[in-house]
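S.K.: Submitted below is the structure of interest, expressed as structure tokens.
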């Protein structure tokens, strides 16, 4: 687990001789990128530079930046890792503050491969044996990073197919003078890219702030809001295209940097094309002809075997390792299986500040049954300050309020361990959400549902039947399944932001989704949940591993028919069958609670200064600086209406038709304001000053 960044600059020979390498990619650029990722890797740092000339005379400069969180092979896993075709070359790297080394000036004739990598390759020992069998000589004792520099020479872009792990990688191949980038199938580790800077440069980084700061240095007060990414981000709280001049690398894909990347051109999203097919007629025909692998999770024993294998593969670490334990089935199953493989592993639960959202008692019951050593930790939440820090560290207006409790859990656990296993992915792969069961109803009865007048429904409190029926009716009128996940359903979004680029906002038609689990796996999981976990855990230097996202388990689950994953419509029915082998019924059948905080009540009561923070931002003279200049006009009258309605919805004696719960919408507006004001400070050169 680390922070990474990379820069490639391509000089067209038609433009004349290129500047020296240290002018082509100034060290100040690397300082800016390094500053934005340093919190992700407190244990080490390094940089690499090189220059290569292609056959057509094109000159290519490259620079890689790394910050290390040391988990595996403390002595041998330093990055950037450079291999010259014969041996590792740490002498071709340098640390910030040292005299920069340009590898081509020291070692011009070797076919160098250099890599910066964030994550963990869990099958690195198996891959090492395979590569050694092909004649590759390894120098480190057990570094998973060294597998990448050797594996690239054998597999090239197919290397991603060999890896089981969470990973974001930037790799330089001098022999072709190209950069390759790649990420894991689920998108556990972030990798953003941008064309910030001259049009012949491309930059990658783990987080966005480096792009924003570098763009501000190069372009001054030009707008930094990227309009094509703005609307879906505000509607959903997250999206794979951020609302800044950066794009997320697509999960599960390896790419070669194009010769002359077009600035502002987003990459295609390959996740629909590259993920395994769910069982259907076409797939069965392909399997019968031997054109597709046939493994899925048709039997409980198969699922049990793959879950066990996934957990055991994620237990290697040279530092203390634990497991997160909530009151739910996902973490309980992982904790139980972990205990069978590593009886010394400890489980951690954080006692939440609101008893209604505290799962510590249920977790204690689970831990007692398993026999695992269990620690209930108290967090010291400071939500207002923590929220500002997290949003500015991420550099994006991330709209999922569970970021805060995830940060508190990570912070408390980090006092005891450096690696923790989590249950991320269980709901998306096995069907754990209510929307998974009602999607077919939405598709079948949408013509009737859209006739329901939502104005006659009580929407004061989320989670009630009336509020959910209103969401269904809205979904039937507009975007279908996607509306069920929206923070701002289309009707509300069009009141907040009626038009962007001359077009109405929100969904303009019903989008039918037949496989909601796949939809969530490809979008909601990487864009929201995994981004949340990565941001919260890396803020405190904690590595979080998700066994449910093991490659073979993911592929098998995505091939399994939904009626097997959810027999008789039971959410996570197959996973519960597996869990009953390890846990009693009262734990397996415990109602799903979800990981949340009462953010709406905090906006009314001012717990942790949250109401004050909300009103300080939304009632300030310029709550969203820079957005109007970028072409985004927010309706502040609607914002004021939401504030009034939200307060009214919390008053016990109020007429129900005067109030409406806007918890997540107000939270989204708050983080949008925090982010916009941070952007404004960066552009004006006053980033350290807070409003």
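Values quoted throughout were computed directly from the atomic coordinates according to the rules given, and no laboratory measurement underlies them. The structure presented is a predicted model; accordingly, all values stated were derived computationally and were not measured. Because the Cβ atoms are built from the backbone with ideal geometry, glycine has one as well, and the counts that use them run over all protein chains shown.
S.K.: Kindly list the residues of the stretch 485-515 that lie in the label zone of residue 434, defined by a backbone N under 19 Å from the point 7 Å along the Cα-to-C-beta vector.
M.R.: 485-490
S.K.: Which percent, nearest 5, of DSSP beta bridges in the chain are antiparallel?
M.R.: Working: 57 of 73 bridges.
Roughly 80 percent of the DSSP beta bridges within the chain come out antiparallel.
S.K.: While we're on this one: Based on alpha-carbon centroids, what's the gap between the stretch 516-531 and the stretch 336-355 in Å, whole number please?
M.R.: Cα centroid to Cα centroid, the span is 25 Å.
S.K.: Going by Cα centres, the stretch 406-434 and the stretch 1-69 are how many Å apart?
M.R.: Rounded to whole Å, the Cα centres lie 34 Å apart.
S.K.: With a Cα-only, solvent-free Debye model of the stretch 68-199, what are the log10 I(q)/I(0) values at q = 0.13, 0.20, 0.22 Å⁻¹?
M.R.: Log-scaled intensity ratios, in q order: -0.55, -1.32, -1.54.
S.K.: Any chance you could list the semi-axes, whole Å, largest first, of the equivalent ellipsoid that the Cα gyration tensor gives for the stretch 434-515, using √(5λ)?
M.R.: 20, 16, 11
S.K.: Moving on to the next point. Within 10 Å, count the other beta carbons around each residue, average over each peptide in 574-583, 321-330, 492-501, and list them highest first.
M.R.: Averaged packing, sorted descending, gives the order 321-330, 574-583, 492-501.
S.K.: Among 28, 36, which comes first, then next, by fewest other beta-carbon atoms within 10 Å?
M.R.: 28, 36
S.K.: If you wrap the stretch 561-683's Cα atoms in a convex hull and average its projection over all directions, what's the area in nm²?
M.R.: Projected area, direction-averaged: 13.4 nm².
S.K.: Assuming a ≥ b ≥ c are the square roots of the Cα gyration tensor eigenvalues, decide whether the stretch 303-457 counts as rounded (a/c under 1.5), prolate (otherwise, with a/b larger than b/c) or oblate. It would help to have the intermediate numbers written out before the result.
M.R.: Values: a/c = 2.10, a/b = 1.40, b/c = 1.50.
It comes out oblate by the Cα gyration axes.
S.K.: Give the relative contact order (percent, whole number) for the stretch 599-684; include only Cα pairs under 8 Å separated by 6+ residues. Mind showing how you got there, number by number?
M.R.: Working: 75 pairs, mean separation 31.7, N = 86.
37 percent.
S.K.: Note down the relative contact order for the chain as a percent, whole number, built from C-alpha pairs under 8 angstrom at least six residues apart.
M.R.: Across the chain, relative contact order equals 14 percent.
S.K.: Can you pull the one-decimal nm distance between simple spin-label points at residue 570 and residue 378, each 7 Å off the Cα toward Cβ?
M.R.: Spacing of the two 7 Å Cα→Cβ label points: 4.0 nm.
S.K.: Let me ask something else about it. Where does the chain land at 222 nm, in deg cm²/dmol rounded to the nearest 500, when only DSSP H runs of n ≥ 4 count, each adding -39500 (n - 2.57), divided by all residues?
M.R.: Details: 31 runs with 279 residues, N = 691.
It comes out at -11500 deg cm²/dmol, rounded to the nearest 500.
S.K.: Normalised by the residues of the stretch 434-515, what does the relative contact order come to in percent, with Cα pairs under 8 Å and at least six apart?
M.R.: Here the relative contact order equals 28 percent.
S.K.: For the stretch 2-267, what is the largest minus smallest coordinate of the Cα atoms on each principal axis, given in angstrom and ordered from greatest to least?
M.R.: 53, 46, 34
S.K.: If you build the Cα gyration tensor of the stretch 30-120 and take the root of 5 times each eigenvalue, what three semi-axes come out, in whole angstrom, biggest first?
M.R.: 24, 16, 11
S.K.: With the cut-off at 1.5 for a/c, could you classify the stretch 491-600 from its C-alpha gyration tensor as rounded, prolate or oblate? Could you put the intermediate results ahead of the total?
M.R.: Numbers: a/c = 1.94, a/b = 1.49, b/c = 1.30.
It is prolate, given that a/c is not under 1.5 and a/b is the larger ratio.
S.K.: Sort 176, 145, 140 so that the residue with the fewest other Cβ atoms within 10 Å of its own Cβ comes first and the one with the most comes last.
M.R.: Result, fewest neighbours first: 176, 140, 145.
S.K.: Okay, next question. Please state the Cα pair-distance histogram of the chain with 20 angstrom bins from zero: what percent is in each bin?
M.R.: The calculated distribution, bin by bin, is 18, 52, 29, 2.
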